[in-house]
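Notes follow the structure.
The values are calculated or read from the model by the stated rules, or taken from the named source; none is laboratory data. As the structure is a computational prediction, the values presented were derived from the model and not from experiment. Glycine gets a Cβ as well: all are built from the backbone with ideal geometry, and neighbour counts include every protein chain shown. Just so you know, the surface numbers come from the protein's heavy atoms only, side chains and all, with ligands and any DNA or RNA stripped out. Shrake-Rupley method; radii C 1.70, N 1.55, O 1.52, S 1.80 Å.
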Amino acid sequence: MGFITATVPGPGSPNVTAHMRTFFAIAVSGFRRYATYRQATVAAAVTNSMFGFLRSYVLLAVTGAVGVAAGYGSAQLASYVWLGQGLIGVVMFWGWTDLADRVRTGDVVTDLQRPIHPVTSYLAADLGRAGHAVLSRFGVPVALGAIFFGLYTPTRWPTYPLFAISVVLAVVASFACRYVVNAAAFWLLDIRGLQLAWSLVSGVLSGLYFPLRFLPGWATTALWLGTPFPSILQTPIDVAVERDRPVRQVGLVALQLCWAAGMLLLARWVQGRAVHRLVIQGG
Amino acid sequence: MASPYLHLLAAQARSQLSYRASFALDLFGNVVTLGADLLAVLILFRVTPLLGGFTIAEELLIFALAATAFALADLAVGNIERIRLYVRIGLLDALLVRPLGVLPQLLVVDFGLRRAGRVVYAAVLLAGALVYAQVDWTPGRVALAIVAPISGAVLFSAIFVAGATVAFWWIESGELANALTYGGRDFTAYPVNVYSGWFRRVFAFGAGFAFVAYYPALVLLGRPDPLGLPTGLGWASPAVAGVAAAVAAFVWRTGVRQYRSTGS
């Protein structure tokens, strides 16, 4: 079904449903593409689970006899680790170089000729990929965490839909950041160094290695307001473990929405500049 | 006999050093990676004064011993990970027909000189941690401070080789081996008594990870083992590493013997 709809509607088409259908078709193709990488998915889930065990034991040792660290109880910290390990594959911190590879090989020209903005089409594909990851890579670590450590069960029902929204926003924010990093290839061609910097910074500052609230209060606030990183991982997890009161919980998701939208706009802007650049190069 | 390997090694070093900016960037990136791990440890101690009963100075010694052992192993055999690629594209066949050992060839052909930065960094960290932990030096402890990281490196190397061998059976093994190698690095960086149950039994004693940093650190610090085992176990590190190396060699030979080309 993918190739029929992807070519039909033009950019000037007023038909919103046609646009929606295109977006959906691309998302489905993203889902199906990742559904074929079966062995890699299994291997990744095993690795994520291994690190889930390691981090759980270390963080639970931090709570010590008191059973509380930086406002998290033991069950909340266990959830923190295992939800984080499950979400790694969903938000996909590492290993996305599709755009940069296509810039280097020149294939990106095809993307630019499509009747849909490249940021939009890549976003659709990425949401499809994330959908597959929710089904495959999120479930295994979370189930293992529940069996071996016991996870925190939310006490307020609105937490569940809020978590779902937060995960979608996290994927969008992560995608937009990755897009900007990849788009640097229009200028640099080889972005390995930048990619390395991204994977490091995003891991540490998003709360993958330790909850950001372990940091001094001012640093946590500065990171949350001033960088998109906490919106990629820390926010959905904090929402799920009900670290804050409902008002603050909603506030964090609203902040996440701002970052997701802001980074998408930045991605579009960078893409616009990049196209000019590409024309000047005569590519 | 070693000279063809030396020639290959020198050629690799020359070729990697010729891309100066790229080499410097890789070197820098490798050092920063270690900095992030260290940062995580320091942050944990912001929240708690003791981790599994160990102070920050004692934990840093464990962390530094593990980091040095892993960095040495990664420099020596870390590029074995690329065997997946070699098996898939059939390049391994070319190595098999040459009159040289397959394993040494693999290691030399892709020798990652940029990983040397990590070794230097980890060694400096270890020296600092030894001073900070105020080790009460005896000739035995001096010897152990040198022998332990090397034994740990041999153990990690054995894990790297055994893990990479999976590619002979399961070509798209992906990052499966990482769970043991990088997972092992993280496991050894913390006191073994923070883990529990089957997880501790399997990885601390089954895979031998407790002998990389934890038991040697106990000997250096003169602390009894919270798990109740004799502290002298720190001296068993070379023996454990030797057994691991023998097992890895056996697994490797079995893998090479039953290797069938992908035929592509």
**Message:** Looking only at the range B:185-214, filter to residues that are without any contact (Cβ under 8 Å) to a residue 60 or more places away in the chain and open to solvent by less than 20 Å² (accessible area, probe 1.4 Å); which one of those is farthest from the other protein chains (Cβ to nearest Cβ)?
**Reply:** B:Gly208
**Message:** Among the residues that make up the range A:187-201, is at least one of them farther than 24 Å from A:Gly52 by Cα, free of Cβ contacts under 8 Å to residues at least 40 places away in the same chain and open to solvent by less than 40 Å² (accessible area, probe 1.4 Å)?
**Reply:** yes
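Would you mind finding the one in B:Leu9, B:Leu51, B:Leu39, B:Leu92 that is in contact (Cβ under 8 Å) with a residue 12 or more places away in the chain and under 30 Å from A:Leu212 (Cβ atoms)?
Only one candidate passes the filter, namely B:Leu51.
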**Message:** Where the second residue is in a helix (DSSP H, G or I) and hydroxyl-bearing (Ser, Thr, Tyr) and the first is without any contact (Cβ under 8 Å) to a residue 40 or more places away in the chain and at the interface with another protein chain (Cβ under 10 Å from one of its Cβ atoms) and lies in the range A:209-235, which pairs have Cβ atoms under 6 Å and are six or more apart or on separate chains?
**Reply:** A:Leu212/A:Thr220
**Request:** Filter the range A:241-268 down to residues that are of a type in the set (S, T, N, Q) and within 30 Å of A:His117 (Cα to Cα), then give me how many there are.
**Result:** 1
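I'd like to check something: does the range B:30-53 contain any residue that is closer than 14 Å to B:Phe111 by Cβ, within 11 Å of chain A (Cβ to nearest Cβ) and part of a helix (DSSP H, G or I)? Full working, then the answer.
Within the range B:30-53, the first condition is being closer than 14 Å to B:Phe111 by Cβ, and the residues that meet it are none.
Looking through the range B:30-53, none of the residues is closer than 14 Å to B:Phe111 by Cβ, within 11 Å of chain A (Cβ to nearest Cβ) and part of a helix (DSSP H, G or I).
Any residue at all in the range A:33-52 that's part of a loop (DSSP other than H, G, I, E, B), closer than 30 Å to A:Ala124 by Cα, more than 9 Å from chain B (Cβ to nearest Cβ) and modelled with pLDDT under 90?
As a first pass, look at the range A:33-52 and keep what is part of a loop (DSSP other than H, G, I, E, B): A:36-37.
From the residues that got through so far, the ones that are closer than 30 Å to A:Ala124 by Cα too are A:36-37.
This time we only want the ones that are more than 9 Å from chain B (Cβ to nearest Cβ), so: A:36.
Restricting the remaining residues to those that are modelled with pLDDT under 90 gives A:36.
Scanning the range A:33-52, I find at least one residue that is part of a loop (DSSP other than H, G, I, E, B), closer than 30 Å to A:Ala124 by Cα, more than 9 Å from chain B (Cβ to nearest Cβ) and modelled with pLDDT under 90, so the answer is yes.
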**Asked** Among B:Glu81, B:Glu58, which is farther than 18 Å from B:Gly255 by Cβ, in a helix (DSSP H, G or I) and open to solvent by 20 Å² or more (accessible area, probe 1.4 Å)?
**Response** B:Glu58
**Prompt:** Where residues in the range A:158-171 are open to solvent by 20 Å² or more (accessible area, probe 1.4 Å) and under 11 Å from A:Pro246 (Cβ atoms), which of them is modelled with the lowest pLDDT?
**Reply:** A:Pro158
**Message:** Looking at the range A:85-99 only, could you name the residues that are within 11 Å of the chain's Cα centre (by Cα) and either among the aliphatic types (A, V, I, L, M) or closer than 15 Å to A:Val140 by Cβ (or both)?
**Reply:** A:Leu87, A:Ile88, A:Gly89, A:Val90, A:Val91, A:Met92
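For every residue, the table says whether it meets (1) over 14 Å from the mean Cα position of the chain (by Cα); (2) assigned to a helix (DSSP H, G or I); (3) within 14 Å of chain B (Cβ to nearest Cβ).
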position	(1), (2), (3)
A:Arg156	yes, no, no
A:Tyr160	yes, yes, no
A:Ala164	no, yes, no
A:Val172	no, yes, no
A:Phe175	no, yes, no
A:Trp187	yes, yes, no
A:Leu196	yes, yes, yes
A:Gly203	no, yes, yes
